[in-house]
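Just so it is clear, none of the values below were taken in a lab; they were calculated from the coordinates. Not measured: the values here are computed from a predicted model. Cβ: placed from backbone, ideal geometry, glycine included. Neighbour counts: every protein chain shown.
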Amino acid sequence: MELENKIAIVTGGASGLGRATSEGLVNKGIKVAIFDLNEESGIQAVNELGADNAMFVSVDVTNPESVASAITKVMEAYGAIHILVNCAGIAPAAKVLDREGKAMPLSKFATAININLIGTFNVASQVAEQMAKNEALGEALERGVIVNTASVAGYEGQMGQSAYAASKGGIIALSLPMARDLARTGIRVNAVAPGIMGTPMLLGMPDNVQESLVANIQFPKRMGLPKEFADLVIHIASNAYINGETIRLDGAIRMQPR
Ligand SMILES: NC(=O)c1ccc[n+]([C@@H]2O[C@H](COP(=O)([O-])OP(=O)(O)OC[C@H]3O[C@@H](n4cnc5c(N)ncnc54)[C@H](O)[C@@H]3O)[C@@H](O)[C@H]2O)c1
């Protein structure tokens, strides 16, 4: 898809990978609507990106009404939606049995699935309904493109990641059937599976945890940059032949059990 003058929604756009993606898209001439729970960071992001280029909408991605009303606000402000990047997510850690042998409360597992997986589907399905009304554009006759954020944990979850890994594995599994469902409407669906990226989610972990994670990265031997994620999302959005796929962005890391 030709990117200039298009409209994008970025969930989780107030922080980390979503924030960098919002900036990358704005730099390509795209107007961006940031959907996030964090109002303070969302408003700050819009101030930095420029009020002519971006808007913030307070959204809980798990809530169908919240997402529906946010999509209405974007349509009122910008008139169309061509690109959706789903970055909103959480990364809780808890083992199936704790040190005392007690089972993980089911609510912990459910929260990760609800925000990461169900939240992704909730926004993607409702945005697809709107994208389907777009004019078909370009040689490929595209109406929209959706990029979801999985994780390498969706392939190799570590100890303590059963909930997170299951939520991200679900996102990996979603790409192909969603792309197939939306093929007739000219909407592509892909996912990126990042490895260890330098965002508040990772940089907030204890130093020894960060060091052991970086030790397993093959090359380049450092955390991925949020801009490298944004660059991949922009390539996926512009390359009409990438569809139904999950692309690892991970410096060849393969996660170890711990
Ligand atoms: N950082 C990494 O190394 C890494 C690796 C693999 C995958 N990921 C995935 O990338 C995505 C972004 O991660 P990040 O590192 O940028 O995290 P981050 O914590 O910096 O940003 C996540 C954003 O999502 C928002 N959010 C959380 N729950 C929400 C909800 N219910 N509704 C709306 N917004 C909500 C938060 O407010 C926050 O602004 C996540 O899905 C994460 O699982 C990150």
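Pairs of alpha carbons in the stretch 1-138 separated by more than 17 Å make up 60% of all such pairs.
Going by how many other beta carbons lie within 10 Å of each one, how would you line up Y78, Y164, fewest first?
Numbers: Y78 17, Y164 24.
Placing the least packed residue first, the sequence is Y78, Y164.
Divided by 2.2 N^0.38 Å, where N counts the residues, the Cα radius of gyration of the stretch 79-130 comes to 1.60. The ranking of F229, F219, F109, F121 from fewest to most other beta carbons within 10 Å of each one's beta carbon is F219, F121, F109, F229. For the chain, complete DSSP H runs whose alpha carbons reach 24 Å or more along their own long axis and whose mean Kyte-Doolittle score is -1.0 or higher are 162-182. Along each principal axis, taking the top coordinate minus the bottom one, the Cα set of the stretch 40-112 gives 54, 26, 19 Å in descending order. Entry note: the stretch 102-163 has Rg to Rh equal to 1.18, where both radii use alpha-carbon atoms and Rh is the Kirkwood radius. Estimated purely from DSSP H runs of n ≥ 4, each contributing -39500 (n - 2.57), the mean residue ellipticity at 222 nm for the chain is -12500 deg cm²/dmol once divided by its residues. In the stretch 1-61, the ratio of gyration radius to Kirkwood radius, Rg to Rh, stands at 0.94 when only Cα atoms are counted. At 20 °C and a viscosity of 1.002 mPa s, what translational diffusion coefficient does Stokes-Einstein give for the stretch 147-215, taking Rh as the Kirkwood radius over Cα pairs? Give it in µm²/s as a whole number. The Stokes-Einstein estimate is 160 µm²/s.
Run the count for the stretch 25-145, please: Lys pairs, Cα-Cα under 29 angstrom, 8 or more apart or on different chains.
Working: K28/K73; K28/K133; K31/K73; K31/K133; K73/K133; K95/K108.
Eligible lysine pairs with Cα atoms under 29 Å apart amount to 6.
At q = 0.07, 0.10, 0.13 Å⁻¹, what is the log10 ratio I(q)/I(0) for the chain, with the Debye formula run over Cα points and no solvent? Results for the chain at q = 0.07, 0.10, 0.13 Å⁻¹ read -0.23, -0.46, -0.78. Positive end of the charge dipole of the stretch 83-155 (Lys, Arg +1 and Asp, Glu -1 on Cβ, about the Cα centre): tell me which of C87, N122, T111 has its Cα farthest that way. Going by the charge dipole, the pick is T111.
For the stretch 120-184 and the stretch 49-102, what is the centre-to-centre distance using only Cα atoms, to the nearest Å? A separation of 14 Å, based on Cα centres. Each peptide among 154-163, 34-43, 204-213 gets the average number of other Cβ atoms lying within 10 Å of its residues, and from highest to lowest they stand as 34-43, 154-163, 204-213. Taking amide hydrogens as placed 1.01 Å from N in the peptide plane, the amide H of R248 sits under 5 Å from those of A193, each at least 5 positions away in sequence or on another chain.
Per residue, the convex hull spanned by the Cα atoms of the stretch 205-258 measures out at 105 cubic angstrom.
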